[in-house]
Amino acid sequence: MVGVVRVPAIVPEEDMVLSLLDHHGVMVHPGFFFDFPAEAFLVVSLLPAPETFGRGVEAVASTVHGLLPPLNGRAGPAPQGPAKPPNGLTG
């Protein structure tokens with residue numbers, strides 16, 4: 001089983017995949033391995049133990065965050081808040 005993660009198209013998928021492997025020891029596959037029509041997709045395995053999977057997700061988030069330009073001239077994570085369902089749908 002695999003999952004597909006869409007990431008910002010800031011750097012080529014291959015560069016992000018190699019960065020994850022080199023800096024975090026996390027192996028994911030670029031979307032072009034699966035003939036996605038555009039950049040910015042990572043394919044991840046859903047088979048690791050939850051703790052291992054969680055560390056991999058944190059590494060992906062950290063890598064993406066490190067590539068994003070600062071918001072409003074400041075670095076740091078985006079403000080957190082409750083997710084709102086699209087088009088007036090309720091959760």
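Rule-based calculations on the coordinates, nothing more; no lab input. Everything quoted here is computed from the prediction, not taken from an experiment. FYI the Cβ positions are ideal-geometry reconstructions off the backbone, even for glycines, and counts take in every protein chain you see.
Under unit Cβ charges (Lys, Arg +1; Asp, Glu -1), what dipole magnitude, rounded to 20 debye, does segment 2-67 have relative to its Cα centre? Kindly include the intermediate steps, with their values, before the conclusion.
Details: 2 positive and 8 negative charges, 39 e Å.
So the dipole magnitude of segment 2-67 works out to roughly 180 debye.
To check my understanding: the extent here is largest minus smallest coordinate of the Cα atoms along each principal axis. What are those three numbers for segment 2-67, in Å, largest first?
31, 24, 16
Can you order the peptides 29-37, 14-22, 43-51 by their average number of other Cβ atoms within 10 Å per residue, highest first?
Details: 29-37: 13.8, 14-22: 15.6, 43-51: 11.4.
The densest-packed peptide leads the list: 14-22, 29-37, 43-51.
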